[in-house]
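Taking it in order: structure first as structure tokens, then the write-up.
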Amino acid sequence: MAADKLPADRDLRKIPYRHPQPAGMVADLVLPGVLQAVRDPSGGDPRLWVPLTDTVSFRPVQVNVSQGFYVHVMRVIRGGVLSRHRHTGAVHALVLKGRWHYLEHDWVAEEGGFVYEPPGEVHTLVVDPPVTEMITFFNVNGAMVYVDEQGNTVGYEDVHTKIDMCRRHYEAVGLGADYVERFIR
Ligand SMILES: [Fe+2]
């Protein structure tokens, strides 16, 4: 139907695109209730949260092997530390709950705040009392290279180690190692 034949009250902005999506495009990724198990322990599935330490866990949102980045929600309870590390790529963070800071900076990331961390940045993330729960959405490009206080490499994490971590955890909690595949693009 030509546009000039449309009823006067038809909103042209709400007509969907008429053609197929581009060939080779990867699938959309839509996850309901990413924070559900945190906000309401009776809702959602707490097994989706992968423990890093006793006080630090993350919930994968996307693990992107074709571009080398991962997106997750990190949760720290009872105060905690994410070990000193260097980034090879940019990091974008949005604080959803609580407050944290880096030992290497004098600013504080607070609920509702956004942080950009440039490639090369070395830092140690700390959640201090009285904060009992911190939740932050992170988009991490490249690798996190764990270092000692002199900058010597002691380990690393990237999208591939994240996937391995998820596979081990999801197997152990009964979801099956393949559960992580829904987050891979
Ligand atoms: Fe970091």
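The values are calculated or read from the model by the stated rules, or taken from the named source; none is laboratory data. The structure presented is a predicted model; accordingly, all values stated were derived computationally and were not measured. Backbone-built Cβ (ideal geometry, glycine too); neighbour counts: all protein chains shown. Surface areas here come from the heavy atoms of the whole protein model, side chains and all, with no ligands, DNA or RNA. Shrake-Rupley method; radii C 1.70, N 1.55, O 1.52, S 1.80 Å.
The table for this structure:
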| quantity | calculated |
| --- | --- |
| Peptides ranked, highest mean first, by Cβ atoms within 10 Å: ranges 134-140, 100-106 | 134-140, 100-106 |
| Listed residues Ala37, Ala27, Ala109, most fluctuating in the chain (Gaussian network, C-alpha, under 10 Å) | Ala27 |
| Probe 1.4 Å, protein heavy atoms only - accessible area per residue of region 114-185 in square angstrom | 49 |
| Distance (nanometres) between label positions extended 7 Å along Cα→Cβ at Gln36 and Asp178 | 2.2 |
| Among 160-168, 175-183, the order from most to least packed when residues are scored by Cβ within 10 Å on average | 160-168, 175-183 |
| Heavy-atom accessible surface of region 1-141: percent carbon and sulfur, 1.4 Å | 55 |
| Between helix 159-172 and the chain: long-axis angle, C-alpha atoms, 0 to 90°, nearest 10 | 90 |
| Accessible area, probe 1.4 Å, largest first, for residues Val26, Val91 | Val26, Val91 |
| Among Val73, Val50, Val65: highest mean-square fluctuation, GNM of the chain, C-alpha pairs under 10 Å | Val65 |
